[in-house]
Structures are given as C-alpha cells and as structure tokens.
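Single-structure report; data block below.
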Amino acid sequence: IKLPFVTDFPSGCGSFISSQFAFVPTASTNPKAALKSKIVAEFRPQSLIDELLLYKRSEDQIELKEKQLSTMRVDVCSTETLKCLKGKAPR
C-alpha cells in the first residue's frame, strides 16, 4: 500500500492546498493567538500553587478565628476585650 504524498496529488491540487493553508491564521497575524501563546509560554504552575496555598492558609485561619469567637464568652461592655478581639490590644 502506497500512501499519497503532496507530490502524488493530481496536478493543480498542490496550488489549491497551498492557497488553503495561506489563510490559516498564525500567531503573528492573529492578536488573540499571540496573546494565548504568550500566556502559555509565561505560565509558571509553581507560582499558582504558592498563591493557592497562601489563600488556603488564610481561609483556614479565618475559619479558626470564627470557631474561637463562637465558643468564647465575651463581655461586650469591656473595651479592652473588644480591642483584643480586633487584634489591636498591646501584647
């Protein structure tokens, strides 16, 4: 079995195929494609992982503080206690 190659096409087909590929947008002619290529080339998965870990730690800390506050009995009339809750009290 012989597979056809570009040179094996009937005469006239080569120029037709070439003309069809001439209109395929490339990164240099298509700004969106160029931007996508740049984004993919500059993508650094480790920096994304680091940012997600920081976000997760922050969320965990907020959840912990909410749990602590829900179980705490607080004298709301005490300004010193309120300052401690807000994290503004001297330590």
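The values are calculated or read from the model by the stated rules, or taken from the named source; none is laboratory data. Predicted model only: the values in this text are computed from it and were never measured. No Cβ is skipped: glycine too gets one built from the backbone with ideal geometry, and neighbour counts run over all protein chains shown. Ligands, DNA and RNA are excluded from the accessible area calculation, which covers all protein heavy atoms including side chains. Shrake-Rupley method; radii C 1.70, N 1.55, O 1.52, S 1.80 Å.
Numbers below:
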item: Proximal aspartates and glutamates to Lys83, defined as alpha-carbon separation beneath 18 angstrom and excluding residues fewer than eight positions away on the same chain; result: Glu66, Asp75
item: For Lys36, solvent-accessible area (1.4 Å; no DNA, RNA or ligand), Å²; result: 140
item: Cα→Cβ-extended label distance, 7 Å offset, between Arg44 and Val76, nm; result: 4.8
item: With DNA, RNA and ligands ignored, accessible area of Glu66 (1.4 Å probe; Å², nearest 10); result: 120
item: Calculated P(r) tail over 16 Å for segment 46-87, as whole % of Cα pairs; result: 52
item: Candidate lysines - alpha carbon under 20 Å from Lys86, same-chain residues fewer than 8 apart omitted; result: Lys65, Lys67
item: Exposure of Ile39 as accessible area (Å², to 10), given a probe of 1.4 Å and all protein chains; result: 100
item: From phi via Karplus (6.51, -1.76, 1.60), per-residue ³J(HN,Hα) for segment 31-38 in Hz, x at Gly/Pro; result: x, 5, 5, 5, 5, 4, 4, 5
item: Whole-percent carbon and sulfur share, accessible surface of segment 46-87, 1.4 Å; result: 58
